[in-house]
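Have a look at the structure below before the remarks.
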Amino acid sequence: MTTPRIGMMLTSTVDSTSVVVVRWAAGDQQVTCGGTPMVDAAKGGTGPQQPLDPDQSAGTLLGKRYATDDGTVELLCTKPGKGTLAVGGVPLAVKSAKPLPASD
């Protein structure tokens with residue numbers, strides 16, 4: 001797989017999950033979904049072809065942003081699925097919304 005870049009659409013080979021790369025500063029690490037590397041959707045990535053790892057089946061939610069704890073990677077889910085998103089083997093968490101400033 002090629003190194004992800006901002007704006008690239010990735011698709012899963014284990015389920016229907018698709019994501020867009022919003023932020024990428026993780027070097028040449030791979031994005032996985034359900035334990036299997038995701039592929040570039042522009043290069044002919046198609047739906048499920050590999051088995052889903054049952055240990056990585058927490059699922060993804062449409063419209064949610066998934067990010068690493070340090071903020072170096074951020075992915076936007078454009079199509080939900082059953083697999084867990086991960087970078088370098090570390091699962092990504094749903095990014096929480098920033099609190100609005102208090103108006104006094």
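The values are calculated or read from the model by the stated rules, or taken from the named source; none is laboratory data. None of the values given here were measured: they were computed from a predicted structure. For neighbour counting, all protein chains shown are included, and Cβ atoms are generated from backbone atoms with ideal geometry for every residue, glycine included.
If I ask for residues that are outside any helix (DSSP H, G or I), surrounded by 14 or more Cβ atoms within 10 Å (Cβ to Cβ) and either at pLDDT 85 or above or hydroxyl-bearing (Ser, Thr, Tyr) (or both), which ones from the stretch 38-51 would you list?
Of everything in the stretch 38-51, those that are outside any helix (DSSP H, G or I), surrounded by 14 or more Cβ atoms within 10 Å (Cβ to Cβ) and either at pLDDT 85 or above or hydroxyl-bearing (Ser, Thr, Tyr) (or both) turn out to be 38, 39, 40.
In the stretch 12-25, which residue that is touching a residue at least 60 places away in the same chain (Cβ under 8 Å) and surrounded by 17 or more Cβ atoms within 10 Å (Cβ to Cβ) is farthest from residue 62 (Cα to Cα)?
First, the residues of the stretch 12-25 that are touching a residue at least 60 places away in the same chain (Cβ under 8 Å): 12, 14-19.
When the remaining residues are screened for being surrounded by 17 or more Cβ atoms within 10 Å (Cβ to Cβ), the result is 12, 14-15, 17-19.
Details: 12: 14, 14: 17, 15: 14, 17: 9, 18: 9, 19: 9 Å.
That would be 14.
I'm checking my understanding of the structure. Among residues of the stretch 64-93 that are part of a strand (DSSP E or B) and more than 10 Å from the chain's Cα centre (by Cα), which one is surrounded by the most Cβ atoms within 10 Å (Cβ to Cβ)?
The residue in question is 81.
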